[in-house]
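Asker: Take a look at this one; I'll ask things after.
What follows draws every value from the coordinates through simple rules; no lab data is involved. Computed from a predicted structure; not experimentally measured. In this analysis, Cβ positions are derived from the backbone assuming ideal geometry, glycine residues included, and neighbour counts consider all displayed protein chains.
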Amino acid sequence: MPANKVRFAICGTTYTIHTTDSEEYVLSLAEKLDADMNQLMATSRTASVAAAAIITALSYLDELKKSTTGADNMRAQLRDYLEDAAKAKLAEEEARREVERLRREIGYLKDAANAPAPAKKPEPEPAPEPEPEPEPEPETPAEPEPDKPVEQPRVQMPRPRSHARAPQDAFISPDSGR
């Protein structure tokens, strides 16, 4: 870009500079500087042009520093936001993959639940239970041998009760006083 020759006046003194910036831009800066310095000199009658230039320059540096710090903070915030957005995108993608995996698993489980049950393998027959031992038959009397007498089973019959007292109750003991 060719250099522009720009003329401007600040506090009654004319200055000429060569710059690559546009003439309109340089003139707008010169007008602001001229207005700020004239205002400072109007409020303080003892301020010279040099003092007004120094104080105005410090004011501009202060604005620049604060603006730069603010811009740096905004850049850091933007960087943090971009990192958070990237992390959120990764988390979203992982969640999407997990949802898709779970959908496939649900489909598989539904298919498995709706599928006809596989034919059961025949269960082995249980081992046969051992046959119970036959109960011994009541002994029947064998045919009597001709030479031996036949034994009859003994049956005990209950004794008839009498109204008589037992013999021990019949005696009166000498101590009883009867």
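Asker: Lys and Arg at +1, Asp and Glu at -1: add these up for the other residues within a Cβ distance under 14 Å of ILE10 and post the number.
Answerer: Overall, the nearby charge balance is -1.
Asker: Give the calculated FRET efficiency between GLU83 and ALA112 to the nearest 0.05, with a Förster radius of 41 Å applied to their Cβ-Cβ distance.
Answerer: According to the calculation, E is roughly 0.40.
Asker: In whole Hz, what ³J(HN,Hα) sequence does segment 91-96 give by Karplus (6.51, -1.76, 1.60; θ = phi - 60°), x for Gly and Pro?
Answerer: Along segment 91-96, the couplings run 5, 5, 5, 5, 5, 5 Hz.
Asker: Now for a separate question. Within the set of other residues whose C-beta is less than 13 Å from the C-beta of GLU93, count the net charge using Lys and Arg as +1 and Asp and Glu as -1.
Answerer: That works out to +1.
Asker: Now, a different point. Relative contact order for segment 6-120: what percent, with Cα pairs under 8 Å and sequence separation of 6 or more?
Answerer: 14 percent
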